[in-house]
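**Student:** One structure is given below, represented as structure tokens, and several questions about it will come after.
The values are calculated or read from the model by the stated rules, or taken from the named source; none is laboratory data. Computed from a prediction, not measured in an experiment: that's the story for all the values here. Backbone-built Cβ (ideal geometry, glycine too); neighbour counts: all protein chains shown. Each accessible area value is taken on the protein alone, full model and side chains, heavy atoms only, with ligands, DNA and RNA left out. Shrake-Rupley method; radii C 1.70, N 1.55, O 1.52, S 1.80 Å.
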Amino acid sequence: MSADAPPVVVVREHGVTHVTLNRPERGNAFALDMVEAALAAVQAASTDGTRLLVIAGAGKNSCTGLDLTDLATASDGDLLLRLVRIETLLDAVWRAPCVTMSVGRGRVMGAGADLFTACDRRLAIEGSSYTFPGAVFGVALGTRRLMERIGADLARDIVRSGRVLPHDEAVRVGLATMSVPPEGVEPEIIAAQQAATRLDAETAATIHRLARRDDSDVDLAGLVRSAARPGLKDRILAYRARTLTTKA
């Protein structure tokens, strides 16, 4: 990938906005510039007549969580800001007035799994996997939305244990709405586009608004309270060290 490639690619056509995370060499992990670009795209799609918003990742993995390449120079405050902006992105997707669709491919981890969860329609490509490791370093990000998708008891178990859900289990528990082979993604997007335009935009937006509890401030407060404890960077470093040891 070219060094000057945009962190997010946005394509709008026929009422569909495609937002593609575009750092495959880093597993599309969230650096701050990617978060801001994705947030700007989602906010634009909420006001420009978009009827279907499709979020995916370039390459073999949708999104592997936080980009930790700058961890050596980042402060607790830098990391907290990034998490706050990710929560702002998740909330914008959750409350979008159009139909939202996420495509899970390869590893879908942490904030990437939270972004997947925030969408209305959630396609799990065969072979994909899902995990929510943030609680290991003391961060409560996206937990309420996960609870709304799969129930409080199961969500607590998954977050506490950090276990990995393969695509078929993700469908079975309700994290994903359906499983598809790689070639099945495009037909589902076409079908979703047709369904999304069945109602007029104002009626569709009203239905979306009524179907979503407005707990934005609660979600943000919970995240900040958890992540603002001193030692955030040290906890992330310890998690990364354990992960590397396990892989080795």
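**Student:** Can you bin the range 169-248 into rounded, prolate or oblate? Criterion: square roots of the alpha carbon gyration tensor eigenvalues sorted a ≥ b ≥ c, rounded for a/c under 1.5, prolate for a/b above b/c, oblate for the rest.
**Tutor:** It is oblate, given that a/c is not under 1.5 and a/b is not larger than b/c.
**Student:** Grab every C-alpha pair in the range 122-216, bin the distances at 5 angstrom width from 0 up to the longest one, and report whole percents.
**Tutor:** 2, 12, 17, 17, 18, 17, 12, 5, 1
**Student:** Could you check the spin-label model distance between VAL164 and SER75? Points 7 Å from the Cα along Cα→Cβ, value in nm.
**Tutor:** 3.6
**Student:** Roughly how many debye, to the nearest 20, is the charge dipole of the chain about its Cα centre, given +1 on each Lys and Arg Cβ, -1 on each Asp and Glu Cβ, and no other charges?
**Tutor:** Charge dipole, the chain, about its Cα centre: 700 debye, nearest 20.
**Student:** Starting from the Cα of VAL11, step 7 Å along the direction of its Cβ; do the same at ILE190; then give the gap between the two resulting points in nm.
**Tutor:** 1.5
**Student:** Per the 1.4 Å probe, what fraction of the accessible area of the range 47-103, in percent, lies on carbon and sulfur atoms?
**Tutor:** 56
**Student:** Could you do me a favour and compute the accessible area per residue for the range 189-246, 1.4 Å probe, result in Å²?
**Tutor:** 67
**Student:** Follow-up. Using a 1.4 angstrom probe on heavy atoms only, work out the carbon and sulfur share of the accessible area of the range 141-248 in %.
**Tutor:** The C+S portion of the solvent-accessible surface of the range 141-248 is 57 percent.
**Student:** Where does each of ARG235, ARG156, ARG225 land when they are ordered by accessible area, with a 1.4 Å probe and the largest first?
**Tutor:** Largest accessible area first, the list is ARG225, ARG156, ARG235.
**Student:** Nearest 5 is fine: what % of DSSP beta bridges in the range 1-65 come out antiparallel, could you say?
**Tutor:** If I count the DSSP bridges inside the range 1-65, around 50 percent turn out antiparallel.
**Student:** Report the local net charge at GLY151: Lys and Arg +1, Asp and Glu -1, summed over other residues whose C-beta lies under 15 Å from its C-beta.
**Tutor:** Result for the neighbourhood of GLY151: +2.
**Student:** Separate question: Would you rank TYR130, TYR239 by solvent-accessible area, highest first, keeping every protein chain in place and using a 1.4 Å probe?
**Tutor:** TYR239, TYR130
**Student:** Just to check I understand the Karplus step: with θ = phi - 60° and J = 6.51 cos²θ - 1.76 cosθ + 1.60, what whole-Hz values come out for the range 31-40, glycine and proline as x?
**Tutor:** Residue by residue, the range 31-40 yields 8, 4, 5, 5, 4, 5, 5, 5, 4, 4 Hz.
**Student:** Please state the relative contact order of the chain as a whole percent: Cα pairs under 8 Å, 6+ residues apart?
**Tutor:** Relative contact order for the chain comes out at 19 percent.
**Student:** Let me have the 222 nm mean residue ellipticity of the chain computed from DSSP H runs of 4+ only, each contributing -39500 (n - 2.57), with the sum over all residues rounded to the nearest 500.
**Tutor:** Here the helix-only value at 222 nm equals -14500 deg cm²/dmol.
**Student:** If you average the C-alpha positions of the range 29-52 and of the range 165-224 separately, how far apart do those two centres end up, in angstrom?
**Tutor:** Measuring centre to centre over Cα atoms gives 16 Å.
**Student:** Just want the answer: with Cβ charges of +1 for Lys and Arg and -1 for Asp and Glu, which residue in VAL180, PHE137, LEU52 is farthest toward the dipole's positive end in the chain?
**Tutor:** Looking along the dipole axis, the top candidate is PHE137.
**Student:** Projecting each Cα onto the charge dipole of the chain (Lys/Arg +1, Asp/Glu -1 at the beta carbon, about the Cα centre), which of PHE116, VAL224, SER62 comes out farthest on the positive side?
**Tutor:** With unit charges placed on the Cβ atoms, the residue in question is VAL224.
**Student:** What order do LEU39, LEU68 take when sorted by accessible area (1.4 Å probe), most exposed first?
**Tutor:** Highest to lowest solvent-accessible surface, that is LEU68, LEU39.
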